[in-house]
Each structure stands twice: as structure tokens, then as C-alpha cells.
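There's a structure below that I have some questions on.
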Amino acid sequence: MEQFGRINLSEEQLEALQTPCYVVNQDRLEENLNILGRVQNESGAKVLLAFKGFAMWSTASLVNKYLSGVSASSVNEALLGNEYYEGELHVYAPAYHLSDLVQHVKVANHIVFNTPSQWVKHRDFMAKYPDVKCGLRINPEQTESDVPLYDPSAPFSRLGTTIKNFKANIKDFDGISGLHFHNLCEMNVDALERTLAKVEEHFAFFFDKLSWINFGGGHHITRPDYDVERLIQIIKDFKAKYQLQVYLEPGEAIGLNTGVLVSQVMDVFENEMQLAILDTSVTCHMPDVLEMPYRPFILNAAEANMKPYTYRLGGPSCLAGDVLGDYSFDQPLKEGDFIVLGDMAHYTMVKTTTFNGINLPGIYLYSEKDDRVKLVKHFGYEDYKSRLS
Ligand SMILES: *Cc1c(COP(=O)(O)O)cnc(C)c1O
């Protein structure tokens, strides 16, 4: 059961947790990093951790061991990178206040601008920091995601410079040493190949002015069926053809299948069907379930009616739609039962809220080697209060 990150806690280990909580298997995380490290070593690309997907800084020392740096999209992410992570720090954001850049230039090696207008606005400031490399995000206009929420190439996209806009502003690109595209979401290497073909077709004429290119994130490199060898070959061919330093900045691939969210049943009752209230909230603790939307894996549960006892599982907030979905179990659920949700390390703890005053889930690290769970952090009233005033 890949999605549970090989975290199969004993009843005793579960009882010792304060739920709800994320439990991340550090050995499984290291396996992901090891794969990404191999991509770096064999392809010559540099792999950065994109904080957007996974910013569990208590695991920074592991990330530092394998990757070349981090990718931030805000001042706070950049400050976190500077405080805990080693290697290069890259920054991209759809737009910068001058006050953002004042902070970024203190910590960043690369700063990527979204549009020619952002670049023109800030290039005089950037000229004062010649050690910081400046890049431009391009929009390859190659739709790969069928979900518009995750498609930077969608019509009217605000992310990146279109081919037309690029060509119209070329006279202003002195000082730009690299290009950046981010066009994928949970994709295999075929999507990268199509995107790269589009990038080469429309932007390669400009490559001799550059020294680096960033292929963005969305590469599901650590998924079992991902064609890692093909990725390595593509990068090698690209590097040989254009002599550019290639960067990848996956987020999800680092945390993929490394952690679970453990919750407990708080109440069970009936309203024309069986319902159970959990101590974890969908909207607060795994908002992508509603936003993306998707159906999470639950340990030892199946689709509705596949097993004898079916429940609609929901959270403790007052939002009517705070619902996980309908799942079936071998035994009737009762108060205190543990519900373990799979693949919950990425795009969860980076997105949690304290909506409705619901506590943030605690964070634990699990060591598979010695089968031990260690508390990293609990959250409480101060965390809720500090976000309001
Ligand atoms: C979201 C994002 C990433 C990381 O994407 P994953 O799907 O988590 O790999 C990288 N770069 C940029 C610019 C992003 O917006």
C-alpha cells in the first residue's frame, strides 16, 4: 500500500498520538530524495525543493543531503529557505513589490520575473545585485492538465510570458540569464517532452543569450511508474544540445507517499445513512480534497458498499461541506477508532488553516528503521490567536 508510506502503526503507537496529526516516514522521504539525487547525478540537472508543496523544515537536513537547494514563491518561503536549507535559493512570484525584492536579494541566487513588465519595472534595482541571476517565466502554451485550476497554459493564464509577449519585448531582455517554465501537475515524462518541444520550438532562438533554464515542478518523479531513465536522457540530450544548466523544482515528488494523517472517530449516528464525525477537518487539514477535488485513501477502507459497513465521513467544523466522502469498513465504526488517511505529507501542512478555531494537526516523524514515532510539534490556541487580532 504505497500511499500509506509504509506507516503501519500498532494500536499502542496509535494510542500514543495526539490526533489529528500528520506522521511522516523519514526513511520513505529519504528514498524519494535518493531518487531525485540520482536524477541530479546522472543527468547533470540540479533539483530544488519547491516549498509550495512540502515545507516541513524539521526534515531540512535530509533535503540538504540530497538536493541542490530550494525554490520559494514568497518572502516567507525565501526566509525559511535561508534559515534551514543549504545550496541555491531560487525565487519566482507572479509579481513583486519592491519591498519583496529588497528581502529576496539578501538571500536568493536566482530571481524569476513573471512578465516583461515586472522585469522592466525592477531591472534597475536588480542591476545593483549582479550576483543574483535574473530569469523570466515563459508560458509554453501547451495544455497538459485537464483541470483548469492546475493548468498554467490555460487561456488567459496570468502565469508566465506568452510566445507573442516574449517576442514583442525582446529588446528589453538584457540582464536576463535564464528562462523558467512550470507547466505540469502530477505528470509523467511524456508531458515534459511535449512541453519541452513547444519551448524549443518557440524560445530556442534565444537560448544562446542564456546560461540556465528551469523546467519547473509537477514532475511525479518518485511515483513508481515514472520513467526516470527517460527523464535523465532528455535532460542529458537537452544539455548537450544547448549547454544550459537545467533545474527542476518539484514539490510533490519529495513528499509523495511519505506520510499519513491520523484521526479518530468522535461520533457515529444516522441520518438516512450512517455518518461519522472525525477529529480532522477536510477544509482545514486537507483542503485539496475539496479544491482539486480528490478522494483520499483510507487504510482498511473501501468504496461505499464494498465492505459491510458504509459511512459518510466528515470533519468537526461547522461547514456543511466538510465531508471526506463515503467509505466502507469491515467492522462498524465506533468512537475512538483510528482513521488513517494516506499520502498526506504534501500540499496539506502547507495549506492548513485554523478556520472555525480548529487546531492544526500535530506533526510527528516516524523512523521505519527503529519503528519509532517522535513528536515534532503540537499546535494550540496561540497558533490560532496569532493569526488574528
Ligand atoms: C507548484 C510549483 C512547483 C512545484 O510543483 P509540484 O507539482 O509540487 O511538483 C514548482 N514551481 C512552481 C513555479 C510552482 O508553482
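The values are calculated or read from the model by the stated rules, or taken from the named source; none is laboratory data. Quick caveat, the model's predicted, so the values are computed rather than measured. Note: ideal-geometry Cβ built from the backbone for every residue, glycine included; neighbour counts use all protein chains shown.
Can you report the number of residues in the range 156-167 which are touching a residue at least 12 places away in the same chain (Cβ under 8 Å), of a type outside the set (Phe, Trp, Tyr) and outside any loop (DSSP other than H, G, I, E, B)?
From the range 156-167, those touching a residue at least 12 places away in the same chain (Cβ under 8 Å) are 157-163, 165-166; that's our starting set.
Within this subset, residues satisfying the condition of being of a type outside the set (Phe, Trp, Tyr) are 157-163, 165.
Subsequent filtering for residues that are outside any loop (DSSP other than H, G, I, E, B) retains 161, 163, 165.
Counting residues in the range 156-167 that are touching a residue at least 12 places away in the same chain (Cβ under 8 Å), of a type outside the set (Phe, Trp, Tyr) and outside any loop (DSSP other than H, G, I, E, B) gives 3.
From the list Asp326, Asp279, Asp330, Asp288, pick out the single residue that is of a type in the set (D, E, K, R), at pLDDT 95 or above and surrounded by 19 or more Cβ atoms within 10 Å (Cβ to Cβ). Lay out the reasoning, then the answer.
On the way: Asp326 fails: surrounded by 19 or more Cβ atoms within 10 Å (Cβ to Cβ); Asp330 fails: surrounded by 19 or more Cβ atoms within 10 Å (Cβ to Cβ); Asp288 fails: surrounded by 19 or more Cβ atoms within 10 Å (Cβ to Cβ).
Exactly one of Asp326, Asp279, Asp330, Asp288 is of a type in the set (D, E, K, R), at pLDDT 95 or above and surrounded by 19 or more Cβ atoms within 10 Å (Cβ to Cβ), namely Asp279.
Anything in the range 97-139 that is among the hydroxyl-bearing types (Ser, Thr, Tyr) and closer than 25 Å to Val199 by Cα? List them, or say none.
In the first step, residues of the range 97-139 are kept if they are among the hydroxyl-bearing types (Ser, Thr, Tyr); the result is 99, 115, 117, 129.
Passing the criteria: Thr115, Ser117.
Residue check: is Leu48 assigned to a helix (DSSP H, G or I) and within 24 Å of Asp288 (Cβ to Cβ)? If you could, list the steps in order and put the result at the bottom.
Values: assigned to a helix (DSSP H, G or I): no; within 24 Å of Asp288 (Cβ to Cβ): yes.
When the stated conditions are applied, Leu48 does not pass them.
Another question about this same structure. Over 15 Å from Tyr347 (Cα atoms), of a type outside the set (D, E, K, R) and surrounded by 21 or more Cβ atoms within 10 Å (Cβ to Cβ), is that true of Ile254?
On the way: over 15 Å from Tyr347 (Cα atoms): no; of a type outside the set (D, E, K, R): yes; surrounded by 21 or more Cβ atoms within 10 Å (Cβ to Cβ): yes.
No; evaluated as a whole, the condition is false for this residue.
With touching a residue at least 40 places away in the same chain (Cβ under 8 Å), within 16 Å of the ligand (Cβ to nearest atom) and closer than 30 Å to Ile363 by Cα as the only criterion, which of Leu278, Leu299, Leu231, Leu248 stands out?
Details: Leu278 fails: within 16 Å of the ligand (Cβ to nearest atom); Leu299 fails: within 16 Å of the ligand (Cβ to nearest atom); Leu231 fails: closer than 30 Å to Ile363 by Cα.
It is Leu248.
Another question about this same structure. More than 26 Å from Arg230 (Cβ to Cβ), basic (Lys, Arg) and either part of a helix (DSSP H, G or I) or away from the ligand (no atom under 16 Å from the Cβ) (or both) - does that describe any residue in the range 20-35? I'd like the intermediate steps shown before the answer.
Filtering the range 20-35 down to residues more than 26 Å from Arg230 (Cβ to Cβ) leaves 20-27.
So of that shortlist, the ones also basic (Lys, Arg) come out as none.
No, the conditions are met nowhere in the range 20-35.
Suppose the filter is in contact with a Leu (Cβ under 8 Å, 6 or more places away or on another chain), outside the structural domain of Leu196 (by TED's automatic domain parsing) and either surrounded by 20 or more Cβ atoms within 10 Å (Cβ to Cβ) or assigned to a helix (DSSP H, G or I) (or both); does Val39 pass it? I'd like the intermediate steps shown before the answer.
Working: in contact with a Leu (Cβ under 8 Å, 6 or more places away or on another chain): yes; outside the structural domain of Leu196 (by TED's automatic domain parsing): yes; either surrounded by 20 or more Cβ atoms within 10 Å (Cβ to Cβ) or assigned to a helix (DSSP H, G or I) (or both): yes.
The answer is yes for Val39.
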